[in-house]
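The structure appears right after this line, and notes come after that.
The values are calculated or read from the model by the stated rules, or taken from the named source; none is laboratory data. The structure presented is a predicted model; accordingly, all values stated were derived computationally and were not measured. Quick reminder, even Gly has a Cβ in these numbers, built from the backbone with ideal geometry, and neighbours come from all protein chains shown. Ligands, DNA and RNA are stripped out before the accessible areas are found, and what is left, the full protein with its side chains, is counted by its heavy atoms. Shrake-Rupley method; radii C 1.70, N 1.55, O 1.52, S 1.80 Å.
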Amino acid sequence: MTFRAALLVGLTLLGPAALAQRTPQELAQALQQAARAGDAAAYRNLLAPSGTFTVEGANFAADLARRTPADVTYTFSELGQEGSRADVSLTLTWTRVPEGRGPSEGQASRVTLPVQLVRVGEVWRYAGEAFIPVKTETGSLLALRVPGLPERVSPLAPLLPRAAQEVKNVLGLPVPPDAVVKVYPDSPSLSASVYLSLPPVAGWNEPGEAIKLVMPGGTAAEVEGATLRVLTHEFTHLAVGLAAGPGRDKRIPWWLHEGLANFAARTFVTERGWQAWQSRVNGYARSGWVPLGELADFPNVPEARWDNAYRQGLGVVEYLAATRGKEGPWQLARAFAQTGESDAAARGAGFSSFAALETAARTWLAAR
Ligand SMILES: [Zn+2]
């Protein structure tokens with residue numbers, strides 16, 4: 001074998017991903033190729049090596065394998081390069097197929113995000129969205145770097161400590177002062193930054209990730225109310241996860257996580273909104289109740305049942321608070337974190353079994 005032939009074999013064995021990041025455009029192609037193939041490992045290899053985005057990027061990659069966006073396109077434009085860093089606009093287009101539907105029912109999606117790239121040695125890597133820090137007394141508030149958004153986000157700064165205090169008041173759990181909150185201009189941008197199969201949401205939090213929220217619209221009072229509601233909800237997820245202890249957050253069922261988060265945000269929900277939530281769960285308790293065991297693991301709960309998880313979760317938390325006192329809801333969550341098993345958790349909260357707890361809560365809600 002000649003040297004040249006040996007070199008070619010060597011290059012072939014390295015595979016396309018290892019070669020395809022010498023320029024930002026090659027990085028875009030490599031990201032697209034890995035995403036279309038649903039290759040989470042290859043995608044992760046294209047990500048910048050440090051920062052909060054490392055966790056977010058890994059979760060984004062895991063979704064590519066779970067629900068592969070076969071037609072996704074990655075396009076970089078408006079490249080501004082300075083040394084080993086570059087700012088670009090990333091336009092993503094893909095067909096989001098709602099869960100359980102066929103490809104013919106897919107929705108054409110398109111999002112443009114300001115993103116950052118870093119060069120590590122000879123190769124470019126993707127470092128996630130670009131933000132502008134907004135001045136705060138506590139925590140970190142970041143606005144996606146799109147025209148006009150930082151100015152709109154600035155008045156939200158004093159709401160961070162208010163929302164954190166509310167979680168402390170209602171559940172007795174501290175929100176860490178260094179929580180990072182990222183604000184997006186709309187829900188498609190937020191969802192696309194989390195993962196491509198996610199339906200539009202108003203807020204997001206996962207262990208180890210920044211909290212994300214969509215900039216609300218409306219009057220100043222409406223913006224304040226909506227922000228406090230979503231922030232308190234997401235701060236609760238963060239506080240509950242940290243109080244559960246390392247690696248134990250996922251032992252707390254998803255419905256309970258959401259129930260606690262909505263319960264904590266009660267003060268910032270309008271009376272009408274709260275009554276609508278209550279009448280929905282009262283209705284589920286009478287007819288259409290989904291067994292809580294089927295609402296425990298977020299990735300395995302069909303989108304059509306998300307409403308059950310949110311409403312039934314809130315209903316059970318309200319039941320616990322009304323019958324066991326202020327400590328009741330967190331007592332159950334803590335028992336789940338400690339035991340990781342539903343019967344043991346229910347016994348830890350003073351019930352004979354999880355079935356007994358679920359029946360008692362459902363009966364209480366059906367009669368409300
Ligand atoms: Zn939530």
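Collect the residues in segment 237-249 that are away from the ligand (no atom under 13 Å from the Cβ) and part of a helix (DSSP H, G or I), keeping them in residue-number order.
Within segment 237-249, LEU242, ALA243, ALA244 qualify.
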Open item on the list: Conditions first: (1) open to solvent by less than 20 Å² (accessible area, probe 1.4 Å); (2) of a type in the set (Gly, Ala, Ser); (3) without any contact (Cβ under 8 Å) to a residue 60 or more places away in the chain. ALA356 passes all but one, so which condition is the exception?
Closed with: (1)
Task: Positions within segment 178-204 being within 16 Å of the ligand (Cβ to nearest atom) and under 15 Å from TRP306 (Cα atoms), in sequence order - done: LEU198, PRO199, PRO200, VAL201, ALA202, GLY203, TRP204
- [ ] Taking the residues in segment 205-236 that are part of a helix (DSSP H, G or I) and either in contact with a Lys or Arg (Cβ under 6 Å, 6 or more places away or on another chain) or away from the ligand (no atom under 16 Å from the Cβ) (or both) as candidates, determine which candidate is most open to solvent (accessible area, probe 1.4 Å).
- [x] GLU222
- [ ] Scan segment 251-258 and give yes if some residue there is assigned by TED's automatic domain parsing to the domain that holds GLU327 and either of a type in the set (Gly, Ala, Ser) or more than 16 Å from the ligand (Cβ to nearest atom) (or both), otherwise no.
- [x] yes
TODO: Please state which one of ALA30, ALA41 is closer than 21 Å to VAL120 by Cα and either in contact with a Lys or Arg (Cβ under 8 Å, 6 or more places away or on another chain) or open to solvent by 20 Å² or more (accessible area, probe 1.4 Å) (or both).
DONE: ALA41
TODO: Could you please find all residues in segment 259-279 being within 16 Å of the ligand (Cβ to nearest atom) and either in a helix (DSSP H, G or I) or not small (Gly, Ala, Ser) (or both)?
DONE: GLY259, LEU260, ALA261, ASN262, PHE263, ALA264, ARG266, PHE268, VAL269, GLY273, TRP277
